[in-house]
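Take a look at the structure set out below.
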Amino acid sequence: MRHQYRYWWQVLILAAWTLVLCLFAYWIEGFEPKQAAEAPQVRPDELFRQTDEVGLWYLAKDIFIDGIHLNNFELEHPLYLLEGDSGRLFFALDETWRNVLGFEIDIIRTEKTILMHDADSGDPSVLATGRLTCNLTDSSASVDRGYKIILTDDIPAEAGMSEEERKKEEAEAARIALWLDTFPWIEKLPYGLAEKLGYSRKSVDREVMNSFASFLRQANGTVYLPFDWFTESREFGWSVWVDELSGVYISTDPDIAAERYYCAANAAFTEALASYMRSNNRMLGYAESLYFVYLFRHEARVNGVDPVFLMAIARNESQFRKHVVGGGAVGLMQIMPKTGARFGYSVSALYDPHMNIQFGSSYIARFLRSYSSPTIALTAYNAGPGRVASGEYSTAYAEHVLGHQQTILGWLRSRGCSATFDNGPLVPAEVTEEAGE
């Protein structure tokens with residue numbers, strides 16, 4: 001008999017715990033924190049509150065999505081910055097972007113509701129067309145405002161709800177979130193009790209973003225969404241990091257911060273080329289010198305020419321002065337107005353650094369394809385193909401340009417820089433304690 005009741009106290013403790021848990025479950029259902037559990041109140045997006053039309057600035061930077069390099073001018077729908085807010089980045093809502101970034105979306109315009117769901121991200125390289133699709137041009141868009149964003153695990157089910165049902169779901173999700181914020185220890189209960197009781201964030205399959213959201217719509221119907229929708233959401237956890245020298249870094253992996261893809265070699269390469277231009281033109285500002293580097297690299301890519309070679313021509317022709325006129329020739333690459341007119345470039349266009357470099361790059365590219373020697377191609381660029389055809393020409397101009405090319409390469413070497421921009425793919429840097437991550 002003594003052994004028959006040996007474990008009576010353990011049975012008693014188990015029964016007591018069961019009773020406590022039952023009482024707790026009953027109490028937690030009926031008790032609310034002092035703050036009312038209401039659906040979150042939306043707030044207007046101040047940037048779009050007073051305007052129906054906004055300007056979009058072309059993003060003149062290299063793009064790295066999860067370490068994969070993209071040229072913005074080769075995207076069917078390029079990335080844009082919001083005019084007046086250069087820190088706000090927008091991308092196009094098309095099937096390719098959705099698949100690459102990894103999300104599903106349903107915009108219910110009649111209910112002013114946007115439903116979104118996180119999905120597996122794809123290969124960013126499919127975004128690149130390999131051809132010039134956008135020639136660095138700005139754009140504009142109308143504002144479609146007043147939308148509520150709901151992040152949900154089941155878009156079809158959510159879309160089928162009535163407005164009243166959706167409000168009830170929002171209130172319930174808000175109630176659970178309020179409980180967890182008031183009593184954070186609930187989520188730490190053992191054996192997954194919080195989730196079984198329905199009081200864990202995992203048990204709420206939806207998140208209402210606390211914003212009165214607005215998106216943009218171009219005249220052709222293309223919808224543009226802001227990246228901050230996804231960087232501010234717990235479900236997506238994207239990150240975007242902008243470096244003025246090396247480009248824009250985007251990570252769709254919540255465990256990898258975008259800045260970990262940063263390429264110091266590319267930053268040094270860009271800074272070195274920009275500083276070389278400023279050393280030759282003391283009136284050239286820092287920001288504009290970085291833009292010139294982007295323009296030379298852009299046109300070099302489009303026309304299949306070495307960007308340092310193009311810079312050497314501009315150094316010889318204008319010392320990187322965009323408004324200089326010499327002997328009738330205009331701008332950075334010193335284009336004769338008559339020559340430009342034959343190809344559809346007006347004099348005013350030749351004063352635009354982009355248009356000037358664009359024409360000069362395509363013009364020298366034609367001669368590089370026609371002649372086997374860079375020296376002869378440069379001579380034709382300077383003196384004209386007719387002079388080359390006659391055989392009566394001097395190579396002094398070409399030798400000066402090629403000399404400047406070697407000077408620029410030496411400038412890069414002296415600063416420990418590569419002679420080219422690293423297009424990746426980039427590997428995220430290891431997390432270190434010193435970085436505070």
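The values are calculated or read from the model by the stated rules, or taken from the named source; none is laboratory data. Note that this is a predicted model, so its numbers are computed, not measured. Don't worry about glycine lacking a Cβ; one is built from the backbone with ideal geometry, like all the others, and counts go over all protein chains shown.
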Practice item. Name, by its number, the condition in (1) at pLDDT below 75; (2) within 30 Å of residue 52 (Cα to Cα) that does not hold for residue 217. Key: (1)
Check your understanding: Based on what the data block shows, is residue 329 surrounded by fewer than 19 Cβ atoms within 10 Å (Cβ to Cβ) and farther than 22 Å from residue 351 by Cβ?
Key -> no
Check your understanding: Only one residue in 384, 391, 403 is more than 20 Å from residue 333 (Cβ to Cβ) and not acidic (Asp, Glu), so which one is that?
Key -> 391
Review point. Somewhere in the stretch 357-370, is a residue modelled with pLDDT under 95, β-branched (Val, Ile, Thr) and crowded, with 19+ Cβ neighbours inside 10 Å?
Key: no
Exercise for review: Tell me which residues, restricted to the stretch 220-249, are of a type in the set (A, V, I, L, M) and closer than 25 Å to residue 148 by Cα.
Suggested key: 223, 225, 240
Exercise for review: Please work out which residue is farthest from residue 213 (Cα to Cα), limiting yourself to the stretch 241-255 and to residues that are out of contact with any Asp or Glu (no Cβ under 8 Å at 6 or more places or on another chain) and in contact (Cβ under 8 Å) with a residue 40 or more places away in the chain.
Suggested key: 244
Exercise for review: Scan the stretch 131-152 for residues that are assigned to a loop (DSSP other than H, G, I, E, B) and in contact (Cβ under 8 Å) with a residue 60 or more places away in the chain and jot them down.
Suggested key: 132, 133, 134, 135, 136, 137, 138
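Is it the case, given these coordinates, that residue 392 is acidic (Asp, Glu) and at pLDDT 95 or above?
no
For (1) hydrophobic (A, V, I, L, M, F, W, C); (2) buried (at least 16 other Cβ atoms within 10 Å of the Cβ); (3) more than 26 Å from residue 57 (Cβ to Cβ), each residue gets a yes or a no:
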site	(1), (2), (3)
285	no, no, no
292	yes, yes, no
300	yes, yes, no
309	yes, yes, yes
343	yes, no, yes
348	no, no, no
Point to revise | Conditions (1) in contact with a Pro (Cβ under 6 Å, 6 or more places away or on another chain); (2) of a type outside the set (Val, Ile, Thr); (3) modelled with pLDDT of 90 or more; number of the one not met by residue 139 | key: (1)
Practice item. Working only within the stretch 103-124, note down all residues that are touching a Gly at 6+ places or on another chain (Cβ under 8 Å) and basic (Lys, Arg). Key: 112
Review point. What pairs come up if the first residue lies in the stretch 293-310 and is farther than 20 Å from residue 278 by Cα, the second is assigned to a loop (DSSP other than H, G, I, E, B) and acidic (Asp, Glu), and their beta carbons are under 7 Å apart, counting only those six or more places apart or on different chains?
Key: 300/306
Revision key, fill the gap. Filter the stretch 62-88 for residues that are closer than 13 Å to residue 225 by Cβ and at pLDDT below 95; the one that is nearest to the chain's Cα centre (by Cα) is 88
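Can you list the helices (runs of 4 or more DSSP H) lying wholly within the stretch 318-437 that have 3 or more residues being farther than 18 Å from residue 281 by Cβ, more than 33 Å from the chain's Cα centre (by Cα) and not assigned by TED's automatic domain parsing to the domain that holds residue 71?
The helices (runs of 4 or more DSSP H) meeting that bar are 337-342, 353-370, 374-383, 385-390, 396-414.
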Check your understanding: Tell me, which residue of the stretch 75-95 that is within 23 Å of residue 353 (Cβ to Cβ) and in contact (Cβ under 8 Å) with a residue 60 or more places away in the chain is surrounded by the fewest Cβ atoms within 10 Å (Cβ to Cβ)?
Key -> 79
